[in-house]
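Enquirer: Here it is: the structure, laid out below.
The values are calculated or read from the model by the stated rules, or taken from the named source; none is laboratory data. The model shown is predicted, which means the values in this text are computed figures rather than measured ones. Glycine also receives a Cβ, built like all others from the backbone with ideal geometry; neighbour counts cover every protein chain displayed.
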Amino acid sequence: DMEFEGMQFRAFVDYHTYLTLLYGDYMTPPPVEQRIHEAGAASTIQLIPITLKEVQERKQ
């Protein structure tokens, strides 16, 4: 698990190696002309407006 803004999230133990194997140099974005937008299922998800404070209150 990994902490982010006071909350715990599931994460790979060695995320750097995983991301490197998957994407190569994942910390350096490609040049603008090589960037490809691949809108998949995530582009159709409707999010609800909620603050981090509200999430933490619901968690308790």
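Enquirer: Would you mind stating whether Ala11 is of a type in the set (Gly, Ala, Ser), modelled with pLDDT under 85 and out of contact with any strand residue (DSSP E or B) (no Cβ under 7 Å at 6 or more places or on another chain)?
Expert: Details: of a type in the set (Gly, Ala, Ser): yes; modelled with pLDDT under 85: yes; out of contact with any strand residue (DSSP E or B) (no Cβ under 7 Å at 6 or more places or on another chain): no.
No: the conditions fail for Ala11.
Enquirer: Okay, next question. So the check is Cβ under 7 Å with 6+ separation or different chains; which pairs have a first residue in segment 6-19 that's without any contact (Cβ under 8 Å) to a residue 40 or more places away in the chain and a second one that's in a helix (DSSP H, G or I) and surrounded by 10 or more Cβ atoms within 10 Å (Cβ to Cβ)?
Expert: Here the result reads Phe12/Tyr18, each pair linking segment 6-19 to a residue that is in a helix (DSSP H, G or I) and surrounded by 10 or more Cβ atoms within 10 Å (Cβ to Cβ).
Enquirer: Going through segment 14-47 one residue at a time, which ones are among the β-branched types (Val, Ile, Thr), more than 24 Å from Asp1 (Cβ to Cβ) and modelled with pLDDT of 85 or more? Let's see the steps before the verdict.
Expert: Initial filter on segment 14-47 (among the β-branched types (Val, Ile, Thr)): 17, 20, 28, 32, 36, 44-45.
If we keep only those that are more than 24 Å from Asp1 (Cβ to Cβ) too, we end up with 28, 32, 36, 44.
Answer for segment 14-47, where residues must be among the β-branched types (Val, Ile, Thr), more than 24 Å from Asp1 (Cβ to Cβ) and modelled with pLDDT of 85 or more: Thr28, Val32.
Enquirer: Under 7 Å between Cβ atoms, at least 6 apart or on separate chains: pull out the pairs that start in segment 36-50 with a residue that is surrounded by 10 or more Cβ atoms within 10 Å (Cβ to Cβ) and end on any residue that is at pLDDT 70 or above and hydroxyl-bearing (Ser, Thr, Tyr).
Expert: Pairs that qualify, where the first residue is surrounded by 10 or more Cβ atoms within 10 Å (Cβ to Cβ) and the partner is at pLDDT 70 or above and hydroxyl-bearing (Ser, Thr, Tyr): there are none.
Enquirer: Working only within segment 5-35, note down all residues that are surrounded by 10 or more Cβ atoms within 10 Å (Cβ to Cβ) and either closer than 30 Å to Glu54 by Cβ or touching a Pro at 6+ places or on another chain (Cβ under 6 Å) (or both).
Expert: Within segment 5-35, Met7, Ala11, Phe12, Tyr15 qualify.
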